[in-house]
Amino acid sequence: MNTDQFLVKSDINLIENTKFTWKTPSNIALVKYWGKSNPQIPKNASISFTLNNCHTITTIEFEKIEKTTEVTFDLFFEGKKKEEFKPKIAEFFKRIQDYCPYIFNYKMTINSENSFPHSSGIASSASGLSAIAMCLMSLENELVQDLSQDFINKKASFLARLGSGSASRSIEGPLVVWGEHPAIVESSDLYGVQFPFKVDPIFQNYQDVILLVDKGEKQVSSTVGHNLMHNHPYATNRFQQANDNLGKITTILQEGKIKEFIHLVESEALTLHAMMLTSSPYFILMKPNTLEIINSIWEYRNNTNSNICFTLDAGANVHVLFPENEKDEVLQFIDKELSKYCQKNHYICDTVGLGATKM
Ligand code: DP6
């Protein structure tokens, strides 16, 4: 794996104070990443829809200082200083310091806000870390001239991955693959790449309504969950299955085979949670209402021929996926039949998006 390509090899022309603001989205995996080795290398390839409305906006102010040996930064979340978020970001800076040596020349003030409530159970690590990565790449682009957009996106994804694996899939859109896979020529374990094939119109502008079943902190973090895949009795088969599914979905997306899409995506979601149920120690992140929603979706699909389906990430919330041309009926169904299973009837309507935007 060629990580050398991300080292800064040319001269760095340090500038004085500057700041950049980026808006980067969350993403929802169709084939799931669950299991990794060091440093943040996935055990299988994954693919996600980039989202649009669920995003983070981050500004980093860079103030030139005498070169230090410790990265210097302050962190504000929604206007308030957040000491408790600092260790994760400090660890991130440690992981990327060889690739971004200029971070020792600046004091960074990071200001971040999410479009979704912090306590919604929607993971903010993908959007949060990709936003920081884009701000760093904007700085690098000033310090080292003539970086191509392609390189900027690739390195931003590479850096974001070192913070949180799924963040590597939040730089671009509408579909991003992360992890080396024979069906995706340019794919890599080091960064996400755009799905390289033309997608059938049925999958364009796909809709994702996120049902907020449980807004509390998860009892088991993703990091712990990933680690439990070491020595997991089904790990080898699971990683093989995910890679097989990535091959299958590559064809499904191009050929518009929506029934197969539904089957594969729901199976991936349930398999992810099956891995949790069969870990040692075992754990359950679904809640009773998660199952109520899944059963209601199946019943509605049986009764109507709708192409609605669900997926889950590492929590109790349910992502309801459907084609744009079914929006009116499905939104009515959600409002009438599913919103009652959400905390305070709260859900978020999102669509597939195109990735990071400079503000
Ligand atoms: C279930 O990317 O949150 O959402 O790399 O430890 O930060 P870390 O894990 P994270 O794991 C995401 C897991 C998932 C599936 C997915 O997004 O592919």
Failed item, numbered, when I202 is tested on (1) within 23 Å of Q240 (Cα to Cα); (2) surrounded by fewer than 21 Cβ atoms within 10 Å (Cβ to Cβ); (3) not charged (D, E, K, R): (1)
Which listed residue is of a type in the set (S, T, Y), under 30 Å from K9 (Cβ atoms) and surrounded by fewer than 23 Cβ atoms within 10 Å (Cβ to Cβ), from S138, S168, S222, S157: S138
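Per-residue answers, yes or no, for (1) under 14 Å from the mean Cα position of the chain (by Cα); (2) away from the ligand (no atom under 13 Å from the Cβ); (3) farther than 28 Å from F62 by Cα:
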{"site": "I122", "(1), (2), (3)": "yes, no, yes"}
{"site": "F158", "(1), (2), (3)": "yes, yes, no"}
{"site": "R161", "(1), (2), (3)": "yes, no, no"}
{"site": "D214", "(1), (2), (3)": "no, yes, yes"}
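The rows are residues; the columns are (1) of a type in the set (K, R); (2) under 30 Å from Q343 (Cβ atoms).
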| residue | (1), (2) |
| --- | --- |
| T21 | no, no |
| P25 | no, yes |
| K43 | yes, no |
| K64 | yes, no |
| K67 | yes, no |
| D74 | no, no |
| A90 | no, no |
| N114 | no, yes |
Of all residues making up region 37-74, the number that are surrounded by fewer than 22 Cβ atoms within 10 Å (Cβ to Cβ) and among the hydrophobic types (A, V, I, L, M, F, W, C): 5
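Which residue out of A269, A274 is closer than 22 Å to V320 by Cβ, of a type in the set (A, V, I, L, M) and loosely packed, with under 14 Cβ neighbours inside 10 Å? Reasoning before the result, please.
On the way: A269 fails: loosely packed, with under 14 Cβ neighbours inside 10 Å.
When all the criteria are applied, what remains is A274.
Do the conditions hold for V224, that is, is it without any contact (Cβ under 8 Å) to a residue 12 or more places away in the chain and within 19 Å of the chain's Cα centre (by Cα)? First the steps, then the outcome.
Working: without any contact (Cβ under 8 Å) to a residue 12 or more places away in the chain: yes; within 19 Å of the chain's Cα centre (by Cα): yes.
It is true that V224 is without any contact (Cβ under 8 Å) to a residue 12 or more places away in the chain and within 19 Å of the chain's Cα centre (by Cα).
Quick check, is S157 part of a helix (DSSP H, G or I), in contact with a Cys (Cβ under 8 Å, 6 or more places away or on another chain) and not assigned by TED's automatic domain parsing to the domain that holds H346?
Values: part of a helix (DSSP H, G or I): yes; in contact with a Cys (Cβ under 8 Å, 6 or more places away or on another chain): no; not assigned by TED's automatic domain parsing to the domain that holds H346: yes.
No; evaluated as a whole, the condition is false for this residue.
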Some residue of region 55-78 being within 16 Å of the ligand (Cβ to nearest atom) and closer than 21 Å to F310 by Cβ: no
Tally of residues being outside any helix (DSSP H, G or I) and hydroxyl-bearing (S, T, Y) across region 117-139: 1
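The values are calculated or read from the model by the stated rules, or taken from the named source; none is laboratory data. Only a predicted model underlies this, so the values are computations on that prediction, with no experimental measurement involved. Don't worry about glycine lacking a Cβ; one is built from the backbone with ideal geometry, like all the others, and counts go over all protein chains shown.
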